[in-house]
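The values are calculated or read from the model by the stated rules, or taken from the named source; none is laboratory data. These numbers were taken from a predicted model, which means no experiment stands behind them. We place every Cβ from the backbone using ideal geometry, glycine too, and count neighbours over all the protein chains shown. Each accessible area value is taken on the protein alone, full model and side chains, heavy atoms only, with ligands, DNA and RNA left out. Shrake-Rupley method; radii C 1.70, N 1.55, O 1.52, S 1.80 Å.
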Amino acid sequence: MDKKATLHLGDGRSFEFPMLAGTTGPEVVDIRTLYGKAGVFTYDPGYLSTASCNSTITYIDGDQGVLLYRGYPIEQLAQHCDFLEVCYLLLYGELPSAKQQAEFVGMVTHHTMVHEQLARLYQGFRRDAHPMAVMVGVVGALSAFYHDALDISSPEDRSICAFRLIAKMPTIVAMSYKYSIGQPFVYPRNDLSYTANFMRMMFAVPAEDYKVNQVLVRALDRIFILHADHEQNASTSTVRLSGSSGANPYACIAAGIACLWGPAHGGANEACLEMLEEIGDASKIGEFIRKVKDKSSGVRLMGFGHRVYKNHDPRAKLMRETCHEVLNELGLHNDRLFKLALALEKVALEDDYFVSRKLYPNVDFYSGIVQRALGIPVAMFTCIFSLARTAGWIAQWQEMIADPEYKIGRPRQLYKGATRREVKLIAQR
Ligand code: CMC
C-alpha cells in the first residue's frame, strides 16, 4: 500500500500527502498540493528539510560520510578514474568504455580554444580585480559568443553547451590568472591531457615551457574529481533556479560561479589558508581556538564543519592523502602551514566544542595547502573549484531541463512586513 503522511493543522483539519521513496536515502513527503488543499505554506529557510528536485546524479549520506556519483563511491572514482571519465559519468550516467572515452576526450580537447574576441574582453577588467569577479563576467559573456547553439529545448544544443563549458573552463580560468599577473595568454595544446593542459596554460610563458609532472597533474586532477559535484548545494541550486526560467546555460553557470565565490561555500579554502597564515605558529593555536569558541568574535574555524557531513567528509580524507603525496614529491613535507594545519586539526578534533557539534575537517581544509604547493595562488582557488564544479552544474542543469516535472522555481515566504496602509502626501508625512 502507498505510504501517506497526515498533517493535523490544529484547527480540526487534517490532510494526507503521499510519501515518495528514492532508491536510497530518506523518504520525502510530497507536499506539492499543500497550499491548494490547506492554504498554508511550509517554512524552511536554508532548505534544511526540503528536497527541491529529484535527481539521479549524486548521493550523499552525511551521517555515514558517503559520497556517490551515479552510485560509484568517490574513493573508487578518485583512485581509478581521471576527471574527464568522471565528467562523462556525471553527464551520461555511466562510466565510458575505452571507445566512448576516446571520443569524449577528443571532443573536449577540440573545444578548448575560445573565440579570439573573448580574449579581448579581459582588457576591460582591472588587473587587480579578483579572478572570480572576472570569471563571473567572462563565463556570463559566453552566450554572446556561442549563440549558434542556444536552443535549450534541443538535446543536441544542450550537449554542445556542455562540451563547450567543460572544454573552455580551463582556458578561461588560466586566462583570468595570466591577465591578473600581466603575462600573455597561453593557448591550449591538444597533445596534453585535460589537467596537464590546464597546468601548462597557467604556468608556461613564451620564454619557457612548463614541464609536466605527473604526480602534480594527478593531484590537481583529483581535486577536480572531488569537487565535480555535490548534490543540491547552494551554487548548484542557484544554477538550477536560474535555469528554471529558461535562461541560457552560460548565464546559469555564471550565476553558480557568483554563488560559489562566497566564503561559506567555495571561498572556504582561500579563507582557510588565510586563517593559517593569520595563526602563523602552532603556539598560537590555543588562543585562536578560544576566539572561535567565543561566539561574539564572529570567527569560525575555516575548513571545518559541513551542512551535510556530520561524521566525516570523505573528500577530506582523500585530500589529506593527496596533500602528503604532493608535499613528498616537492620535498615540502616540513611545510610550515601543512604542519600547522595538522596540529590545528588534532586540537580541534579533541575539543568538545567541535566534537559535540559534529564539526570535522571538510575538503577545503587541505585543498588550499595542495594548491599552494602546486604553485596556484590563493586568489585562484575558487576559480579551480568552479572549473571542476562546472561538470556537476551542467549535468544538473541538463537533468532539470529534461525532467518532465520541471517548473520555474518560485519559493513562497512568511511575510512579516507592514500590512496594508495608505500613502500620505509628502507634506503630511
Ligand atoms: N567553526 C566554529 N563553529 C562552527 C563552525 C566552524 N567552522 N561551523 C559550525 N559551527 C558551529 C556554529 O556556530 C553552531 O554553533 P551553535 O549550535 O552553538 O550555535 C553549530 O556549529 C552549527 O553551525 P551552523 O552554522 O548551524 O551549521 P551549518 O550547517 O549552517 O553550516 C557551514 C555549515 C559549512 C556553513 C559551517 O560549518 C561553516 O561556516 N564552516 C566554515 C566554512 C567552511 O569551511 N565552508 C566549506 C564547506 S565545504 C565546501 C563545500 O562543500 O562547498
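Maximal additional length on extending the Leu34-His324 stretch stands at 99.2 nm, based on 0.36 nm per residue less the C-alpha distance. The range 356-429 and the range 152-225 have Cα centres lying 24 Å from one another. Where in the range 360-396 is the amide nitrogen less than 20 Å from a point lying 7 Å along the Cα-to-Cβ axis of Glu208? Flagged as within label range: 372-378. Modelled this way, with points 7 Å down the Cα-to-C-beta line, the labels at Arg127 and His115 are 2.8 nm from one another. I need the shape label for the range 293-334. Rule: rounded when a/c is under 1.5, else prolate if a/b > b/c, else oblate, with a, b, c from the alpha carbon gyration tensor. Since a/c reaches 1.5 but b/c is at least a/b, the shape of the range 293-334 is classed as oblate.
With every protein chain kept in the model, how would you rank Arg412, Arg300 by accessible area, 1.4 Å probe, largest at the top? Walk me through the numbers on the way to the answer.
Values: Arg412 145, Arg300 185 Å².
Accessible-area ranking of Arg412, Arg300, largest first: Arg300, Arg412.
If DNA, RNA and ligands are ignored and the probe is 1.4 Å, what is the ranking of Leu301, Leu68, Leu48 by accessible area, most exposed first? Intermediate values should be presented prior to the final figure.
Working: Leu301 10, Leu68 35, Leu48 115 Å².
Heavy-atom accessible area, descending, gives Leu48, Leu68, Leu301.
Think of each Lys and Arg Cβ as +1 and each Asp and Glu Cβ as -1; about the Cα centre, that makes the dipole of the chain roughly 1520 debye.
Ranked from largest to smallest solvent-accessible area, with a 1.4 Å probe on the protein heavy atoms, Trp397, Trp261 come out as Trp261, Trp397. Cα centroid separation, the range 1-15 to the range 80-111: 47 Å. Value of Rg to Rh for the range 112-154, rounded to two decimals, is 1.05; Kirkwood radius and Rg both from alpha-carbon coordinates.
On the basis of the beta-carbon distance and an R0 of 45 Å, Ile285 and Val423 show a calculated FRET efficiency of 0.20.
One quarter of the surface of the convex hull around the alpha-carbon atoms of the range 246-314 equals 6.9 nm², the direction-averaged projected area.
The Cα atoms of the range 330-389 cover 35, 30, 14 Å along the three principal axes, with the biggest extent listed first. The ratio of the alpha-carbon radius of gyration of the range 220-369 to the globular-protein estimate 2.2 N^0.38 Å is 1.14.
Using just the Cα positions, wrap the chain in a convex hull and report its mean projected area in square nanometres, one decimal place. Before the final figure, lay out the partial values.
On the way: hull surface 112.3 nm².
If you wrap the Cα atoms of the chain in a convex hull and average its projections, you get 28.1 nm².
Placing one equal scatterer on every Cα of the range 22-134 and applying the Debye formula, the log10 ratio I(q)/I(0) at q = 0.20 Å⁻¹ is -1.06.
What share of Cα pairs, in percent, lie more than 12 angstrom apart in the range 4-61? Every Cα pair in the range 4-61 considered, those over 12 Å come to 73 percent.
Only helices enter the 222 nm calculation for the chain: every DSSP H run of n ≥ 4 contributes -39,500 (n - 2.57), and dividing by all residues gives -15500 deg cm²/dmol, rounded to 500.
The Cα atoms of the range 162-216 give a gyration tensor whose axes a ≥ b ≥ c have a/c of 1.5 or more with a/b no greater than b/c, which makes the shape oblate. Label-to-label distance, Ala264 versus Arg13, with points set 7 angstrom from Cα along the beta-carbon direction: 3.3 nm.
Solvent-accessible area assigned to carbon and sulfur over the chain amounts to 54 percent, based on a 1.4 Å probe. For the pair Phe41 and Glu75 in one chain, pulling the backbone fully straight at 0.36 nm per residue adds 8.2 nm over the alpha carbon distance. Counting only protein heavy atoms and a 1.4 Å probe, the range 362-428 has 53 square angstrom of accessible area per residue. Computed from the C-beta positions of Thr56 and Phe185, the FRET efficiency with R₀ = 41 Å rounds to 0.60. Percent of Cα pairs in the range 314-429 per distance bin of 10 Å, from zero to the largest separation: 10, 25, 20, 17, 13, 9, 4, 1.
Among the helices of the chain, those built from whole DSSP H runs whose Cα atoms reach 18 Å or more along their own axis and whose mean Kyte-Doolittle hydropathy is at least 1.6 are 131-145.
At an R0 of 51 angstrom, the distance between the Cβ atoms of Asn334 and Tyr92 translates into a FRET efficiency of 0.70. Amide H to amide H distances under 5 Å link Val66 with Asp61, where only residues 5 or more positions off or on other chains count and H is placed in the peptide plane. For the range 239-312 versus the range 135-149, the inter-centroid distance based on Cα atoms is 27 Å. Specify whether the C-alpha gyration tensor of the range 203-252 places it in the rounded, prolate or oblate class, a ≥ b ≥ c being the square roots of the eigenvalues: rounded for a/c under 1.5, otherwise prolate if a/b is larger than b/c and oblate if not. Because a/c hits 1.5 or more and a/b fails to exceed b/c, the range 203-252 counts as oblate.
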